[in-house]
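Below: one structure, written as structure tokens.
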Number of protein chains: 4
Amino acid sequence: MLSAAVIGASGYTGGELLRLLHGHPELRVVLATADTQAGSPVADLYPSLAAAYPDLSYSPFALNDPVLNGADVAFLCLPHGASQAIVPELVTRVRWIVDLAADFRLRDASLYPSWYREAHTSPELLDRFQYGLPELYRDQIKQANLVAAPGCYVTAATLALAPLLAAGALEPTGIVVDAASGVSGAGRPSKPTTTFCTVDEDFTAYGLLDHRHTPEIEQNLTAAAGRPAEVLFTPHLAPMNRGILATCYARPADGATPSTESLLQRLHDAYDGEPFVRVSERSPSTKATLGSNAAHLTARFDPRTGWVVVITALDNLVKGASGQAIQCANLMAGLDETTGLPTVGLYP
Amino acid sequence: MLSAAVIGASGYTGGELLRLLHGHPELRVVLATADTQAGSPVADLYPSLAAAYPDLSYSPFALNDPVLNGADVAFLCLPHGASQAIVPELVTRVRWIVDLAADFRLRDASLYPSWYREAHTSPELLDRFQYGLPELYRDQIKQANLVAAPGCYVTAATLALAPLLAAGALEPTGIVVDAASGVSGAGRPSKPTTTFCTVDEDFTAYGLLDHRHTPEIEQNLTAAAGRPAEVLFTPHLAPMNRGILATCYARPADGATPSTESLLQRLHDAYDGEPFVRVSERSPSTKATLGSNAAHLTARFDPRTGWVVVITALDNLVKGASGQAIQCANLMAGLDETTGLPTVGLYP
Amino acid sequence: MLSAAVIGASGYTGGELLRLLHGHPELRVVLATADTQAGSPVADLYPSLAAAYPDLSYSPFALNDPVLNGADVAFLCLPHGASQAIVPELVTRVRWIVDLAADFRLRDASLYPSWYREAHTSPELLDRFQYGLPELYRDQIKQANLVAAPGCYVTAATLALAPLLAAGALEPTGIVVDAASGVSGAGRPSKPTTTFCTVDEDFTAYGLLDHRHTPEIEQNLTAAAGRPAEVLFTPHLAPMNRGILATCYARPADGATPSTESLLQRLHDAYDGEPFVRVSERSPSTKATLGSNAAHLTARFDPRTGWVVVITALDNLVKGASGQAIQCANLMAGLDETTGLPTVGLYP
Amino acid sequence: MLSAAVIGASGYTGGELLRLLHGHPELRVVLATADTQAGSPVADLYPSLAAAYPDLSYSPFALNDPVLNGADVAFLCLPHGASQAIVPELVTRVRWIVDLAADFRLRDASLYPSWYREAHTSPELLDRFQYGLPELYRDQIKQANLVAAPGCYVTAATLALAPLLAAGALEPTGIVVDAASGVSGAGRPSKPTTTFCTVDEDFTAYGLLDHRHTPEIEQNLTAAAGRPAEVLFTPHLAPMNRGILATCYARPADGATPSTESLLQRLHDAYDGEPFVRVSERSPSTKATLGSNAAHLTARFDPRTGWVVVITALDNLVKGASGQAIQCANLMAGLDETTGLPTVGLYP
């Protein structure tokens, strides 16, 4: 049995880690930190976890906390920027780290000031983190000690487009990723934009042109295509708790003769051996992935307009966050990749 | 006071006409037909209308109904195909007709078999119907006796793109319209795809590549551009009662040097005199239009990827259906165009 | 045309007053105060109101504001306690005041410290305020200059039970009022208990045993019964924007021989002449009242268990707040009571 | 490994059994019948189950189906009345049967015609079925071959009140159970009362005075009290997928001197050893039980009005249906009662 510390365990991705790790036979939670909740029982903030963690209380974060230093894995569920501040020291104390924030996802440190409005404070560590998308980088994750797990939008867009770009089927430029997210993607703290009465019965776009996850999508698609990818990403907020649907539009590569069948076949080739990715002709529904680590995909080619459409649905808190982080930790720790991860969704 | 007949008054667009006409000082409902509800009080199906129509019951539809024949305006709120069957006779009996279905919206009769899977049964009448989008065809509607009012998706996409195409600012091909609709767009009858437990907490795309409203969007944009427009349209279903958000992607025309400011300026030029269309820098929210005849728009140009994004929000049952139909009827009848139409939304 | 000042116009009841007054032919908004939003356009906070108030900005509240002093009616939409602070001075400056808070609703000043945890600072004014439930106190409201309009839960419970108590049909003690409210009842400011992810897909009771509106319900029912009424009130939070449903349980009075028919008849007798209250055998639905000033009621007698059940549905922001306030203002100003008030709900 | 047949596996309780049994280490699904879906893959109806049951298709129900006859446990998830028709034969073929319908829940056959409007067709079997609420009848269930598992409302009300009645703390008459349910309680088939646009943003009572589960609640409370219990039960429909909240009102027994503390203590005494029931001072939230087999309870005594309030929250499809059925099957089969049952909810 390995021990896990959840750093930043009061937010939704931290809470989801606690939920999933409760069902994990090889990873046991020994520490849940949350400075704002320090001292209070986890069950007070999350009554849903009361039976699982009757005696666990939030701790303040402290680098020299002996429980933290004795942990095998640390999952970092902190706001952007906070991981950078603690990782330089933490890497010397914990065997495996999975960061769920964006702090170590971009290879090019210069993208941080332009997209995140602040320079990276530990750029020398960027190269030491492995990007944690198992479907693309499984072998590298197995060798890694430090993993930066991608988030919901990027996972959805990358799973949709990377195999088709890698196969040379699509142009890497002119891509549009139009996506909708449930509200949990905005985090647990209350704010005017996510009160029930603001969000319920509303659908709206946000982050027009400048959403921070754009360069990460481009980084992944560039790697897949072998040449620079360019993406316009438009996220929307949908009145639901969880779920991401990414509807991606791209052009066939010059000389390609695509069809819906050939696109689906390439996705099947890429994913039919994957435990968590499912390709079908059916239009994916976020609800079918609720609570599971699954990603559902489909694709179409429209001969009339020449557009390729690829759609991914997943649960933003599982395959788009905490489930993916556990999947990476499983690989790093030499466990079966699927250990403790649900493939079945809650329905309805 | 003019008299109005609502044909097909048990569905949501019919019910919405009854709601709006109750507040209309010049149009009085004299007939509400619904074969499946014939004989039962309107208030039984719509308790929300009980105070407005305490004594109104649904009638069966009959061409020779004297009440119908004495009506000044007939609003047709029927399933696709049903208007074609009755209009050839109805035109001889009622002074003004507004059809809310797609039966008389396409100029090119050959599009019906390819997109609606059945030939038009009265193609000779297509030319006699005026397309009912007042912001584009106000003068023609004033002269018309027969109007085909456009629906929610098409109104949203057309308002977004037509002025920019007419100004030569956009390429008319390669356009993507990615839209989300509330569930009332699917109509009142119960079906497996619209039960609460299917839709709630779900977001999904439907009608991939072949949604029937595609050729109508293309017809409008072609007219605006003066050359053939080509659109890929992807509708999604969002877990809310009402509302359409259309996020439209297009390329600047060759030689154009667009900017967000210039795009917004063109939209302001087109719409600042309009009573129901509002342009702003703010990302439109469907909820801000709830229950009103308003359409809210914004636009962006992304110099990084070269994409133009234009977004429209509106209430699918008001500006996207029954409000628009009344707006047309007002124009046809020589009334002030805004008579009886709310500009203020219900919030929250 | 009379002029109206909305004091505290950034919250939901203030916003709803702006919405409703826009359609009021005799009352014109001349002032909207909101200290936290002072200087910013109303349309920025409420895009739904943009077309109605293109030039209105929030003002800071100032007793000597000449616009306020020139207003005919002031509607106070302030947090509990704030009205007490300004009313002693305001009564000398404005002709009619309608307070939407609880500050002047209770006749017995000693109830404030026990239920609101603070003593009333202007108890001498309590007698000068008329309780603003037109269905019970129409004539008195017509004579009043100062009205304390009741809120959503109290209106629902009082409309349900007062006529039956007044008729001697029910025991005034042992009453249970079990009610559910939409989230807008909790106000606009964001807080952990009303974020979307907390509330959506949840149903929970709150304010167990000690909700502040309990003594106000008892005050009304005591007045109706002519002897002390005693009520246990349990509110619940339902995942919806608007709406109150109050399910009220009471015992028949000693010697009464009730039946569902006789209960319904008494309610019909009380309300059939009322413009906004509708009695029927149908189980009331909050949705049927959405956006309207309507209250829908039904009643049952269960011969098996001896319980009487009376149910009211209404829109908490209209008949439960801002619509009721306008109804009172209409009466005070000698206007037709229904002026500017919708009787028709938005559906779906 | 034991084998399980799910009879009526296309509905929500059947689908939930498939979800839960996928995670059960000792029970394997060998048959899923659904006459209306016969031949089609389970994954077509429930894409959420695709990864769990890639090769399972619905079978038509046939008593002589060898797979059925070889099953260790049959779970019956059929509409009321259908179990009665097949159980007389099925009992000779399958070792353990858990019926999730009401067919074998009532001891008194005469209650069926009065509450279910049809006589029971196999009254002789009523005595052979053990009522399947493990918290009350654990030892009897262990000995049983035939179990009738109670549903959501009854489980919630019984868990709330039975221990207090058994302890003599409450009067068994004059009880009010006011409850709200998510929409999945109405089943999967589409109907006008459960379309999204009917239910969303609505709260309404239904089944006034005559809901079928009333006599079952009374049966359980009578057994607990040792004398006839009498309950008025009012269910409501809330706009959410899952969840039951039962708010129960009762009077202290004559001579009892209750307090909130003593009520909570009695509930703690009854349930602190239970794996799935959790008592606390906190007002229970349905959302905290989502997807888990948990029931959360609290209680209050109001010295002012003399009422006792006890509240239960649970997931209607898990502890209120399929989870409870598996809990019973575990007991019958000699397995650990908690095998395969989640105690942790999905949040948010």
Kindly establish whether residue D:251 is touching a helix residue (DSSP H, G or I) at 6+ places or on another chain (Cβ under 6 Å) and either open to solvent by 10 Å² or more (accessible area, probe 1.4 Å) or within 21 Å of residue C:179 (Cα to Cα) (or both). no
Test result for residue C:213, closer than 25 Å to residue D:237 by Cβ, open to solvent by 30 Å² or more (accessible area, probe 1.4 Å) and not hydrophobic (A, V, I, L, M, F, W, C): yes
Can you tell me how many residues in segment C:1-31 are under 21 Å from the mean Cα position of the chain (by Cα), away from chain B (no Cβ under 14 Å) and of a type in the set (Gly, Ala, Ser)? 3
Residues of segment B:208-256 being under 24 Å from residue A:250 (Cα atoms), of a type in the set (Gly, Ala, Ser), more than 9 Å from chain A (Cβ to nearest Cβ) and assigned to a loop (DSSP other than H, G, I, E, B), in sequence order, are B:229, B:253, B:255, B:256
Test result for residue D:62, over 29 Å from residue D:153 (Cα atoms) and not hydroxyl-bearing (Ser, Thr, Tyr): yes
Out of all the residues in segment D:287-313, which are in contact (Cβ under 8 Å) with a residue 60 or more places away in the chain, within 26 Å of residue D:331 (Cβ to Cβ) and either among the small types (Gly, Ala, Ser) or within 10 Å of chain C (Cβ to nearest Cβ) (or both)? D:295, D:313
Any idea which residue in segment D:314-348 is least open to solvent (accessible area, probe 1.4 Å), counting only those that are over 14 Å from the mean Cα position of the chain (by Cα) and small (Gly, Ala, Ser)? D:345
Have a look at D:229, D:186 and point out the one that is touching a helix residue (DSSP H, G or I) at 6+ places or on another chain (Cβ under 8 Å) and more than 30 Å from residue B:46 (Cβ to Cβ). D:229
Part of a helix (DSSP H, G or I) and acidic (Asp, Glu) - does that describe any residue in segment B:188-203? no
Output for segment D:127-141, where each listed residue is closer than 18 Å to residue D:319 by Cα, open to solvent by 20 Å² or more (accessible area, probe 1.4 Å) and not polar (S, T, N, Q): D:135, D:136, D:137, D:138
Kindly provide the set of residues from segment A:128-175 that are out of contact with any Asp or Glu (no Cβ under 8 Å at 6 or more places or on another chain), part of a strand (DSSP E or B) and of a type in the set (A, V, I, L, M, F, W, C), ordered by number. A:170
Any hit, segment C:183-190, residues being within 30 Å of residue D:184 (Cα to Cα) and open to solvent by less than 10 Å² (accessible area, probe 1.4 Å): yes
If residue B:232 satisfies all but one of (1) open to solvent by 10 Å² or more (accessible area, probe 1.4 Å); (2) in contact with a Lys or Arg (Cβ under 9 Å, 6 or more places away or on another chain), what's the number of the condition it fails? (1)
Over segment C:149-180, the set of residues of a type in the set (Gly, Ala, Ser) and within 25 Å of residue C:237 (Cβ to Cβ) is C:149, C:151, C:156, C:157, C:160, C:179, C:180
Could you tell me whether any residue of segment D:87-107 is assigned to a helix (DSSP H, G or I) and open to solvent by 10 Å² or more (accessible area, probe 1.4 Å)? yes
If I go through segment B:191-200 residue by residue, how many of them are surrounded by 24 or more Cβ atoms within 10 Å (Cβ to Cβ) and in contact with a Leu (Cβ under 9 Å, 6 or more places away or on another chain)? 1
Any pair with Cβ under 8 angstrom, 6 or more apart, that starts in segment A:257-284 at a residue that is more than 14 Å from chain B (Cβ to nearest Cβ) and ends at one that is open to solvent by 30 Å² or more (accessible area, probe 1.4 Å) and of a type in the set (Asp, Glu): A:279/A:272
Those residues of segment B:160-176 which are more than 10 Å from chain A (Cβ to nearest Cβ) and open to solvent by less than 10 Å² (accessible area, probe 1.4 Å), in sequence order: B:160, B:161, B:162, B:164, B:165, B:170, B:172
Can you confirm whether residue C:237 is crowded, with 22+ Cβ neighbours inside 10 Å and in contact with a Phe, Trp or Tyr (Cβ under 8 Å, 6 or more places away or on another chain)? yes
Hey, among the residues in segment D:216-249 that are more than 18 Å from the chain's Cα centre (by Cα) and not aliphatic (A, V, I, L, M), which one's farthest from residue D:300 (Cα to Cα)? D:239
Contacts under 8 angstrom Cβ, first residue in segment A:185-201 being under 18 Å from residue B:348 (Cβ atoms) and within 14 Å of chain B (Cβ to nearest Cβ), partner surrounded by fewer than 24 Cβ atoms within 10 Å (Cβ to Cβ) and hydrophobic (A, V, I, L, M, F, W, C), 6 or more apart: A:193/A:186; A:194/A:186
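The values are calculated or read from the model by the stated rules, or taken from the named source; none is laboratory data. Values in this document were obtained by computation on a predicted structure and should not be read as measured data. Every residue, glycine among them, receives a Cβ derived from its backbone with ideal geometry; neighbour counts consider all protein chains shown. Note: areas computed on protein heavy atoms with side chains; ligands, DNA, RNA excluded. Shrake-Rupley method; radii C 1.70, N 1.55, O 1.52, S 1.80 Å.
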